[in-house]
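These notes are about the structure you will find just below.
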Amino acid sequence: MWKLKIAEGDGPWLTTTNNHVGRQHWEFDPEAGTIQERAHVEQLRQDFKNNRFLVKQSADLLMRLQLRKENPSGPLPPAIKLNEAEEVTEAAVATTLRRAITFYSSIQAHDGHWPAESAGPLFFLPPLARLNAMANSSSGSLKSVTLHYPLKLVIALYVTGAVNAILSPAHQKEIMRYIYNHQNADGGWGLHIEGHSTMFGSVLSYVALRLLGERPEDSEDRAMTRGQKWILEHGGAVGIPSWGKFWLAVRFLRPRFGKMLCYCRLVYMPMSYLYGKRFVGKITGLVRSLRQELYVERYHEINWNRARNTCAREDLYYPHPLIQDMLWGFLHNVAEPILTRWPFSTLREKALKVAIQHVHYEDKSSRYLCIGCVEKVLCLIATWVEDPNSEAYKRHLGRIPDYFWLAEDGMKLQSFGCQMWDAAFAVQAILSSNLAEEYGAVLRKAHDFVKASQVQDNPPGNFSKMYRHTSKGAWTFSMQDHGWQVSDCTAEGLKAALLFSQMQPELVGEKIGTESLWDAVNVILSLQSENGGFPAWEPQRAYSWLEKFNPTEFFEDVLIEREYVECTGSALQGLMLFKKLHPGHRIKEIQSCILKAVKYIETTQNPDGSWYGCWGICFTYGTWFAVEGLVACGKSIQNSSALHKACEFLLSKQLPDGGWGESYLSSTEKMYTNLKDNRSNLVQTSWALLSLMKAGQGEIDPVPIQRGMRLLVNSQMDDGDFPQQEITGVFMKTCTLNYSSYRNIFPIWALGEYRRSLIFS
């Protein structure tokens, strides 16, 4: 059986800044578990498989099964079920809350965080390098192929000869289970697990299975054959989206890529190194076979120059402007030949040295985790190409387990984990219930985790020269070792720390130091843009016209940092609470920041009263952050037209059962879209209810709120959990990302706020 390990780090190739607090990784023990436990796990897997076309997201049951065994909670009172005529009383809400918090406490790890899946895409953003099975090495054509993350890892390990050293037979079995479980009924694979089939997802998933040993005629239900059939019927692998030669070539001229979005530049640093090195993996028999299996034309007869701009219509979301295709053609036919000849080739050699220096800097400053899973694989293979026996490559291998996640649908790889993000929300949710005295041990552990997760130092050396921003005092999305500051994670971490600072140390432990709070405020203030909004990772430094050269075809807004209503709303809440508790610190700067942020939120509101959310689905999510931010600054439905319009918007989307349910299509189409069959989603229902309660809708008409609360109460499961429903996270407008703890956190939070309003009304 598999076992989730918490805050552990073995071997000489791991380094840590806080004794691995927050680290989570899975290990396989063939001797673990009783016969009954193994049978139960297999039944969970079979149940998922049987229902995979109806419920595409796993419920994270293997983690919950393990932690509940380790943290038994005892019997619960019976679940409350209310009919439409019954009032949602304080007693009913309190019972539901106690059941929910007791369950959620039982899946808290011993280091204080709540382990959870953060996955869902069937690929991640950037290309690894040229997929040698699909690139024309003889002509120098570079048809870049963006890789599904498990595939990228498989290819990286396949190329470096480390597949069996890192991926045990148990790993390989679970990765294949995941890919098969998320094959669509038509035979293809999508951009993400809830999406329609795309050439991108289909080709990459098929290749991953082949590299893991599957043959075209293998697999149950002829899955490989059906996958290959979908690919060929839709034009073959030549239509897979391309990142384009333009950005690869430009990288070697070393533009000021420090102005790009950190994710973008940290993709192209190692990618450019691989391209400049003309790295080509060994052309094996399997590679030759793939060339025959995945193309409609004969491989050696494909016109790669023409294919550079080919993209399957199923994948095309962001078409290239003509100027981009013209530049790609110019750089391929004119600039590239020049750069390969002396004396211009010396520029490339110099650029290669700079690129690998940046790779090593990112590796060391993130303890070889890198900013995310996509960059992780690119940096790993770049260090291997530089030196297969290097310490850097070995340290990269040591951090691969940090990205694995296992559930009943198989093994996947996470973006980078959401340990701190979830913990900060969980703390606020539990405290909202007014039941803190009953859950002191849980809160104390969470408080310890929050304190242990704050970043203590800036990136090493002259970090501004390496295009890094100050990070001392920040909180990351995951854990301290990751090292990357995020504006809203820092703000939510600050809120959690400030809330704990008002509580008795006997209950929750010693409060965080004042200077640590000051450091967090410094990070937040340093990130605000001129327009008052807050970006996510770094100050906004580039021009918006650069997005014209976005080569991804299936993503939008990937090249430059930009402001987000979610980050701005979080920053406002954190700064307002800090100002209340520490009124004498940086008075003018904080007040100026707040005024500008309020103006940003008010001016970015849509005509219908909503805000577009970029990191959650979608208008419901963005509106919640906007409302919370404005309310923190003293606004209400009574004195703010923005909040009045926001409440009208939310009320207009309430469904007959009292809930809300918004499809990921809202993000791609930029228009509010209900879930199929007008289903409600409990997480989105909670966001809407929190917005309405905070804005003051209950003082005008409490009935819509009561209807939503009735749905939450009635939806609780027998064990105190809430059901897993559709994914509610998203990024870059087109790709969903699941946060499995959301289904616990946000119903608790909404119910807690409702109980508080009943108690203090």
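The values are calculated or read from the model by the stated rules, or taken from the named source; none is laboratory data. Since this is a predicted model, take the numbers as computed values, not measurements. Don't worry about glycine lacking a Cβ; one is built from the backbone with ideal geometry, like all the others, and counts go over all protein chains shown. Remember, those area values only see protein heavy atoms, side chains included, never the ligands or the DNA or RNA. Shrake-Rupley method; radii C 1.70, N 1.55, O 1.52, S 1.80 Å.
The charge dipole of the stretch 394-533, taken about its Cα centre with unit charges on the Cβ of Lys, Arg, Asp and Glu (plus for the first two, minus for the last two), comes to roughly 580 debye. The LYS599 and PHE760 beta-carbon pair, evaluated with R₀ = 22 Å, returns a calculated FRET efficiency of approximately 0.10. Estimated from helical segments only, the mean residue ellipticity of the chain at 222 nm is -15000 deg cm²/dmol, where each DSSP H run of four or more residues counts as -39500 (n - 2.57). Between the C-alpha center of the stretch 555-625 and that of the stretch 656-691 there is a gap of 22 Å.
Our note on the geometry: Cα centres of the stretch 345-372 and the stretch 408-485, 26 Å apart.
Counting only residues at least eight positions apart within a chain, or on another chain, the aspartates and glutamates with an alpha carbon under 14 Å from that of LYS670 are GLU556, ASP557, ASP608, GLU662.
Across the stretch 355-432, C-alpha contacts under 8 Å between residues 6 or more apart give a mean separation that, scaled by the residue count, equals a relative contact order of 24 percent.
Filter the cross-link list LYS653/LYS694; LYS451/LYS579; LYS56/LYS412; LYS472/LYS511; LYS376/LYS445; LYS645/LYS694 down to pairs whose alpha-carbon distance in this structure exceeds 22 Å. Pairs exceeding 22 Å: LYS376/LYS445. For the chain, the longest principal axis of the alpha carbon atoms and the long axis of helix 440-453 meet at an angle near 40°. Full extension of the chain between ALA79 and SER592 gives 179.8 nm of extra length, using 0.36 nm per residue less the Cα-Cα distance. A crude spin-label estimate for the pair THR340 and HIS40, with each label 7 Å from Cα along the Cβ direction, gives 6.1 nm. For the Cα atoms of the chain, what angle does the longest principal axis make with the long axis of helix 199-211, in degrees from 0 to 90, nearest 10? In the chain, helix 199-211 runs at an angle near 70 degrees to the longest axis.
Could you work out how far helix 373-386 tilts from the main Cα principal axis of the chain, as a 0 to 90 degree angle to the nearest 10? The two axes meet at around 30 degrees.
Here Rg and Dmax of the Cα atoms in Å was calculated from the structure, and among (i) 28.5, 96; (ii) 25.5, 83; (iii) 29.7, 106 it sits at label (ii). In order along the stretch 406-412, the Karplus-derived 3J(HN,Hα) couplings, from 6.51 cos²θ - 1.76 cosθ + 1.60 at θ = phi - 60°, round to 10, 9, 5, 8, x, 9, 10 Hz, and Gly and Pro are given as x. Accessible surface of the stretch 313-389, 1.4 Å probe: 63 percent of it comes from carbon and sulfur atoms. Take the chain with all the other protein chains still there, run a 1.4 Å probe, and you get 36 Å² of accessible area per residue.
Using 0.36 nm per residue and subtracting the Cα-Cα separation, the extra length available between ASN531 and ASN639 on full extension is 36.5 nm.
Using C-alpha pairs below 8 Å separated by at least 6 residues, the relative contact order for the chain is 17 percent.
The calculated FRET efficiency for PHE28 paired with SER289, based on their beta-carbon distance and R0 = 30 Å, is about 0.50. In a reduced charge model with +1 at each Lys and Arg Cβ and -1 at each Asp and Glu Cβ, the stretch 644-753 shows a dipole moment near 320 debye about its Cα centre.
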